[in-house]
Amino acid sequence: MNRDPYLSVVIPVFNEEENIGQLVSRCLKACQELDKPFEIILVDDGSKDRSPELLVEEARRNSGKVLVVFLNKNYGQHAAIMAGFAEARGEIVVTLDADLQNPPEEIPKLVTKSEEGFDVVGTIRTPRQDSLFRRMSSFMINKAAQKATGVMMNDYGCMLRAYRRHIVQAMLACPERSTFIPVLANSFAKHTTEIEVSHAGRSAGQSKYGLWRLINLNFDLLTSMTTFPIRLLSVIGGIISILGIGFGVFLLAMRLIYGPQWAVEGVFTLFAILFVIIGTQFLALGLLGEYIGRIYHDVRARHRYFVERVLGKSTTEHQ
């Protein structure tokens, strides 16, 4: 008779052939230290390298401990994690990146903290081994997430986190397509906390987030969490309009005092102000379009992902 696992570790994988062997062995060792039933769920997010083959080997080598979910194409990190959540059976679910920058050896620490009664256990990477741009991006996202959720966590960007079962079920019940899991979880959590964990540089492979993808990711996360940017633009637009009216009154007064010649000399200033206003309008329209686009995707209610097959589930293979 199979026992339901107490701990589920969900790991999205995308082109990580250099790290898979070490990742699985280190996760198995860390979970075995807890002396409780566990499962490791690896979600292949449409990898193009040898990752799928290596994952198949790991599932067969560690039958009953390692489960592999294959998505038919790349859907993104958060969709892959949701696919892992759908298969997870543990009372405590830990998420982890496959790049080994967050050491699997920290898993027992998160489980122990969860057992103190916390719904969500976040982590703070110390010291963080990332570029200045990534740290600045995380700072902005963290501030936006704090405002959106009212939960003052310091590092929403770290995927090494622990969730209680009822939080995972609440997230799975949400039909929205644009999902930022740490923020979504904190919107349901009553008791949250953070602990410090170690952080390492990438040991093998390359980061999947280049400059442009990081910019897109941060923009997507911001607009999926809060309507604050639209409100901020409304305030900025109001301020610019007031300044424009004041400047127009000033130009009229100067024209009356010094004559029309002075006004002609200020024509380029008028153009500059016009360009600022037009630029603000385009920015506002762009952000508005983002929100309308998200409404469009949610109304269509398409699935977040499509599971191609699952290996290691109840020691059988599902095609």
| message | Among the listed pairs LYS109/LYS190; LYS48/LYS190; LYS113/LYS313; LYS73/LYS190; LYS48/LYS113, which have their C-alpha atoms separated by more than 32 angstrom in this model? | response | LYS48/LYS190; LYS73/LYS190; LYS48/LYS113
| In Hz, Karplus ³J(HN,Hα) per residue of the range 32-44 (6.51, -1.76, 1.60; θ = phi - 60°; x = Gly, Pro) | 5, 5, 6, 6, 9, x, 8, 9, 10, 10, 9, 10, 7
| query | What residues qualify as long-range amide H neighbours of LEU67, i.e. H under 5 Å apart, gap of 5 or more or another chain, H built at 1.01 Å from N? | reply | ILE40, ILE41, LEU42
| message | Skipping prolines and chain starts, which residues have an amide H placed within reach, meaning under 5 Å, of the one on GLU194, given they are 5 or more residues away or on another chain? | response | GLY122
| query | Quick one: if you stick a label point 7 Å off each Cα along the C-beta vector at ARG165 and ASP4, how many nm between them? | reply | 0.3 nm
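Where in the range 30-61 are there trypsin sites (Lys or Arg not before Pro) that are in a DSSP coil and have at most 11 other Cβ atoms within 10 angstrom of their Cβ?
Details: sites: LYS48, ARG50, ARG60, ARG61; in loops: LYS48, ARG50.
Here the trypsin sites (Lys or Arg not before Pro) that fit, given the DSSP loop and packing criteria, are LYS48.
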| Given labels modelled 7 Å from the Cα in the Cβ direction, how far is it in nm from LEU172 to MET254? | 6.6 nm
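Read the figures in this text as sums done on the coordinates, not as results from a lab. None of the values given here were measured: they were computed from a predicted structure. So basically every Cβ, Gly included, is an ideal-geometry build from the backbone, and we count neighbours across all protein chains shown.
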